[in-house]
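Please read the structure below before turning to the comments.
Nothing in this text is a laboratory measurement; each read-out follows from the coordinates by a stated rule. Note that the coordinates shown come from a computational prediction; the quantities given were computed from them, not determined experimentally. As a convention, Cβ positions derive from the backbone with ideal geometry for all residues, glycine included, and neighbour counts pool all protein chains shown.
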Amino acid sequence: MLPPSIHQPVVRFLSNRKGAPVEILSENPLSGGSINKAFHLITNSGDYFLKYNSASKFPQMFEKEARGLTLLRSANAVDIPEVLHYGEAGDDAFLLLEFVESGTETKDFWEDFGKSLAFLHQHHAGRFGLDHDNYMGSLYQHNNYHDDWTGFFIEERLQRQIKPARERGALTRSDVSAFERLYRRLDEMIPETLPSLVHGDLWSGNFMVNSHGKACLIDPAVYYGHPETDIAMSTLFGRFDERFYDAYTQHHALEKGWQERLDIFNLYPLMVHVNLFGQGYLPPVREVINRF
């Protein structure tokens, strides 16, 4: 059941939006998320998706997620759920979205998904980063602006994860030295690119098939970054269908050697997992930093 502190403002918002009293008929818990409590709300004015968590434990998490979803949706490149409302009541914070009905993949699902992501990545900014910080999973994500990708990647992505891992003893001095050697080679290994609007956490758990049979992206960690970060993340826990990559590269060409660079980009999500879930994620990190 929803806490009363959330139930009341949600009903109030929906009633004002509808212009008539709205009643929540059922609150159905949803599984799949590891961070937040999520519900499918069935009301007399339609279905909605709501998730909530502690406002003090994750400050402004849902406000930042709402801004990220709205930014992705404004690109009009791929399906994104509409943000309806977010707020805080006591120590409860919540996010209310349109409810996305699950469907079945169309026969050209993966081709359409790859093309849509390519179009998303064609939305550019002048610098790498974002005008606000947000979250990668449950970890705070810094998005300070940089003029070059390698500076952003080193300072805002890798070093932000290396420092707490080293302080906890998860990384050794030798690991940190290997990272520092890698830093010196990044400019020669990663080609220059315009900052692209990226989802930021694009693995199989962060998209769903909607009622139209198309991909709908959820749970973003948005910023303007290197487009290959999304491609890399899609391979981290099992690759997407190969038709996805074929369609993507037809609509957004990647520089030669992109397949070999994916492991470098995935150092960031791997280090996030080291800090969230422990040292079981260190072997692939060490393999990559020692290989390069």
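Things to note:
- Between amide H atoms placed 1.01 Å from N, distances below 5 Å from GLY87 occur with PHE94, all of them 5 or more places distant or on a separate chain.
- Local net charge near VAL274, Cβ-Cβ under 14 Å (Lys/Arg +1, Asp/Glu -1): +3
- Stretchable slack from GLU242 to HIS132, in nm (0.36 nm times residue separation minus alpha-carbon distance): 36.2 nm
- Fewest-first sequence of GLU156, GLU88, GLU192 by Cβ atoms within 10 Å of each Cβ: GLU192, GLU88, GLU156
- Cα centroid separation - segment 1-57 against segment 249-292, whole Å: 37 Å
- Among MET189, MET136, the order by Cβ neighbours within 10 angstrom, fewest to most, reads MET189, MET136.
- Segment 200-292: C-alpha gyration tensor shape, a/c 1.5 cut-off, then a/b vs b/c: oblate
- Gaussian network model of the chain, Cα within-10 Å springs - most flexible of GLY213, GLY68, GLY257: GLY257
- Once backbone amide H atoms are built at 1.01 Å from N, TYR135 has GLN141 as its partners under 5 Å, excluding neighbours fewer than 5 places away on the same chain.
- Rounded to 10°, Cα long-axis angle of helix 242-251 versus longest principal axis of the chain: 80 degrees
- 3J(HN,Hα) along segment 16-29, derived from phi through the Karplus expression 6.51 cos²θ - 1.76 cosθ + 1.60 where θ = phi - 60°, amounts to 5, 5, 7, x, 7, x, 10, 10, 7, 7, 7, 10, 9, x Hz, with x in place of Gly and Pro.
- For ALA55, the residues whose modelled amide H falls within less than 5 Å of its own, excluding neighbours fewer than 5 places apart on the same chain, are ASP92, ALA93.
- Among the trypsin sites (Lys or Arg not before Pro) in segment 226-292, those placed in a DSSP loop whose Cβ has at most 15 other Cβ atoms within 10 Å are ARG239, LYS256.
- Selected from GLN161, GLN279, GLN122 as most flexible by GNM, with the chain as the system and alpha-carbon contacts under 10 Å: GLN279
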